[in-house]
């Protein structure tokens, strides 16, 4: 235990089990807030509460296990995870199960599995692995290959169709490249390229229902009882919450069931209605705290792979928050992105917590690396 | 750090680069959260009021509450039109798991007809979501009980109760009360024009006919409102506040149910009508038009088969013969014309003519015949009334001239609306020169005037006009508007009477002329030679009357009328007007029995029966009283 002696003041039980105390604190607070909100949003449904509680427990377990794995092992696993994920995505497109109108699931006899969830971690791992093989900042060639590594799974997932996940995966890879030090000139160029790509996406890649979502987003009042209903009711919920909110369990939009999907993707509207702008600022503070902690861990990491991966995981977490709040409040079109650790739902929560497990591994096991 | 790599990588430069990028990322994160917050600020602070309003608009609904319709009582406080709860089976299709299975199951439970099912499906297709649709109306109590016991098996199906009109005496009062039925497009348009659609927001039915229509405003009342909190499916969670409706006023009629039943019975199913009123007030005590029909059929929507049967019946049950039937008044107006002759000085009580059964004008070929082929001999005006001498009145008409007849008879209300409180009223026709010019573009000929003297020619009158005119004679020129409604029921059950309505009275020149004509009417009923003697001479009261036999068929000049040769619908109408007691009359009656033949033998017994009943009821309140002398005897033979 030489390290313990070197950094005696930080040597705690949590450190010994590779758990980052600050990050854990932030996540726990968020989960508690999430459970309270879900209790209200589900209409005091104890069955849902139990299921969510179980999921959170499982997710915490996954996080704990992931935190024990040395970052070096993740680095070695990167390519295998990526290739396996890619093959499974193709398999999904060919033989996948259809659930809720989208082909996302792969039936492995003993377990049904969403390969896109694996890719949420595999893509930033792969990009970080590839970029960190070379000196930073990356060269144009490396950036090009990096983007290719991102775009292929993004398109495969967008084809399922799952716009929300493909957006999250694309951004996780792009964040790794950005953090690696891609030049600002090139960033400008790529941004322009992406702008040019938009119409292609509209005409060739997006499904009708996705296009509908965008049109609705641009003018929800055009079909207030149809496709615009979600966003209008959501905005009414948020707006009527006001500064201080209507109070826990007092939101009429949610309690009287005017708000659709109130316990899943639109749970932020329930929170805003009941806790108001003040509550929202507090919630944002928790998220910001977790993000800052994540960036600190990334910055303290001692090798490029860990830095890029930790940074990417943290910023992707932010994308969840931003896209969800943006779509619920009418800033962005409705894509299926949950409010992390608050929305009801299992798969993405486990993936998220697995990501935080990796983050904790990076944050607490760096000295093993330096040996 | 691995020393191998440190040789080829500037580790601290990379770390610095990453640190800068991390800080830039954090700034971008904060900026983007700033965008989120500013957007939320706009929603939650700047536009808060607007969204608050919309949120309340979502959850708070103001629901109208229908006022209870006013009840209708007869003059003795018997309920004639009541509100009964009716139960209907309603389904919210969106709340039913398997609609077809549920319908099948309900069908086996209470015999839902294929027609009801079809109607349900039709409504379902064109209906807004989450609105209840009626599968069956007017559930029997048994069906309600049956369903209630099974209700837990039927999510989304419920039995709803509301009040609906019921007329316990059915066809007896249809032409008086009328009926209510579902508000249709036309009614709605009228309500919109009257600015009343909000008041009817929760109301199902509206008065379509009779008192129900005429007094719709008072009967309906004022709508109430409740503020309720609803969920997204429109289901009421709780009531926030209530502004109760003001129920409609209860109406008390002048109609006497027992007398009405007696009037109905006296007609014995013949086509015709009986109008009974109080000469002292003009109040309508009974008004029966035969044939009638069951108004309850219309309340829940009459089937088209039933409706077309009513509409196409040759007996025309839909018409209120008392107020819409236009009959030549025939000899019933003889006392009135006689009065005009006396008042104008055209004749005196002593003026006589010699009736040979034929009347001719100088230089006119046409012969007007008396109903008595050989004539009545020497007659003055009283005898002319008593024996209903036509010739005297041909001569009187000739002497008065059409202008004077038309003018004076208009004063008695002929050709004018009586003002009875029903919209179903005809003004019939009092002919005049101007009328004939306008109607036929022909001048008035002297030959037209002669039959007017016996209430024929173009002259038509409704029974209620006749009754009103006789009342005017009884009252020496005072003219009352016939009123079906007596007043409104007060809070303590007292009747707040409506003020009596009158028309401008007829100026009396000589009161003794009026008395003479009334006396002549008394002779009609009680003199040995009176035409009504067979019906009234044995009455336990003194009365006045006048018969009339209205020709509907013109007999050629040299032929005589043979009843059996004329088709039934062209046979004479039997008519009778009467009042009693002779001194200070309390009741007056006008009777028409269509195509029954002579008035004195066919309409007078009806009048007698009704007046008898009036006095019997006054004394004994016994609706099944039949005068012994008429037992087993056909009425109207």
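The values are calculated or read from the model by the stated rules, or taken from the named source; none is laboratory data. What you see is a predicted model, and the numbers here were worked out from it, not measured in a lab. With ideal geometry, Cβ positions are generated from the backbone for all residues, glycine too; neighbour counts draw on all protein chains shown.
In the stretch A:219-227, the condition of being under 26 Å from the mean Cα position of the chain (by Cα), farther than 30 Å from residue A:130 by Cβ and within 10 Å of another protein chain (Cβ to nearest Cβ) is met by no residue. Within the stretch A:243-263, the presence of at least one residue that is in a loop (DSSP other than H, G, I, E, B) and within 30 Å of residue A:155 (Cβ to Cβ) is confirmed. In the stretch A:256-269, the residue that is surrounded by the most Cβ atoms within 10 Å (Cβ to Cβ) out of those that are within 11 Å of chain B (Cβ to nearest Cβ) and within 20 Å of the chain's Cα centre (by Cα) is A:269. Here residue A:338 clears all of (1) crowded, with 24+ Cβ neighbours inside 10 Å; (2) more than 10 Å from chain B (Cβ to nearest Cβ); (3) modelled with pLDDT under 95 except the condition numbered (1).
Residue check: residue A:281 meets all listed conditions (1) more than 28 Å from residue A:119 (Cβ to Cβ); (2) crowded, with 23+ Cβ neighbours inside 10 Å; (3) facing chain B (nearest Cβ under 10 Å) but one, namely (2). Suppose we keep only residues that are surrounded by fewer than 23 Cβ atoms within 10 Å (Cβ to Cβ) and touching a residue at least 40 places away in the same chain (Cβ under 8 Å) within the stretch A:172-189. Which one would you say is nearest to residue A:333 (Cα to Cα)? Ranking the candidates gives A:186 first. Among the residues of the stretch A:39-67, write down those that are under 25 Å from residue A:17 (Cβ atoms), loosely packed, with under 15 Cβ neighbours inside 10 Å and touching a helix residue (DSSP H, G or I) at 6+ places or on another chain (Cβ under 8 Å). Listed by number, the residues that qualify are A:53, A:58, A:65.
Quick check, is residue A:359 within 9 Å of chain B (Cβ to nearest Cβ) and touching a helix residue (DSSP H, G or I) at 6+ places or on another chain (Cβ under 9 Å)? No; evaluated as a whole, the condition is false for this residue. Considering the stretch A:316-334 alone, what residues qualify as being at the interface with chain B (Cβ under 9 Å from one of its Cβ atoms), outside any helix (DSSP H, G or I) and crowded, with 23+ Cβ neighbours inside 10 Å? Selection gives A:329 alone.
The condition (being out of contact with any strand residue (DSSP E or B) (no Cβ under 8 Å at 6 or more places or on another chain) and more than 14 Å from chain B (Cβ to nearest Cβ)) is satisfied by just one residue among A:179, A:163, A:186: A:163.
For residue A:253, the stated conditions do not hold, so it cannot be described as surrounded by 15 or more Cβ atoms within 10 Å (Cβ to Cβ) and at pLDDT below 85. Just one of the listed residues (A:156, A:168, A:149) is within 20 Å of residue A:93 (Cβ to Cβ), surrounded by 24 or more Cβ atoms within 10 Å (Cβ to Cβ), away from chain B (no Cβ under 14 Å) and in contact (Cβ under 8 Å) with a residue 60 or more places away in the chain, and it is A:168.
Being more than 16 Å from residue A:151 (Cβ to Cβ), in a loop (DSSP other than H, G, I, E, B) and touching a helix residue (DSSP H, G or I) at 6+ places or on another chain (Cβ under 6 Å) is the filter here, so list the residues in the stretch A:171-207 that pass it. Matches in the stretch A:171-207: A:181 only. When B:535, B:547 are checked against the criterion of being surrounded by 12 or more Cβ atoms within 10 Å (Cβ to Cβ) and part of a strand (DSSP E or B), a single residue qualifies: B:547. Among the residues of the stretch B:9-62, those that are more than 7 Å from chain A (Cβ to nearest Cβ) and farther than 27 Å from residue A:271 by Cα comprise B:10, B:11, B:12, B:13, B:15, B:16, B:20, B:23, B:24, B:62. Of the candidates A:232, A:291, the single residue that is under 20 Å from residue B:34 (Cα atoms) and at the interface with chain B (Cβ under 9 Å from one of its Cβ atoms) is A:291. Is the stretch B:63-82 home to any residue that is within 14 Å of chain A (Cβ to nearest Cβ), surrounded by 18 or more Cβ atoms within 10 Å (Cβ to Cβ) and at pLDDT below 90? Within the stretch B:63-82 (the criterion being within 14 Å of chain A (Cβ to nearest Cβ), surrounded by 18 or more Cβ atoms within 10 Å (Cβ to Cβ) and at pLDDT below 90), the answer is no, since none of the residues qualifies. In the condition set (1) surrounded by fewer than 20 Cβ atoms within 10 Å (Cβ to Cβ); (2) in contact (Cβ under 8 Å) with a residue 60 or more places away in the chain; (3) touching a strand residue (DSSP E or B) at 6+ places or on another chain (Cβ under 9 Å), residue B:435 is compliant with all but (2). Counting only residues that are farther than 23 Å from residue A:193 by Cα and without any contact (Cβ under 8 Å) to a residue 40 or more places away in the chain, the stretch A:131-146 holds 3 of them. For residue A:272, the conditions (1) more than 16 Å from residue A:71 (Cα to Cα); (2) within 18 Å of the chain's Cα centre (by Cα) are fulfilled apart from (2).
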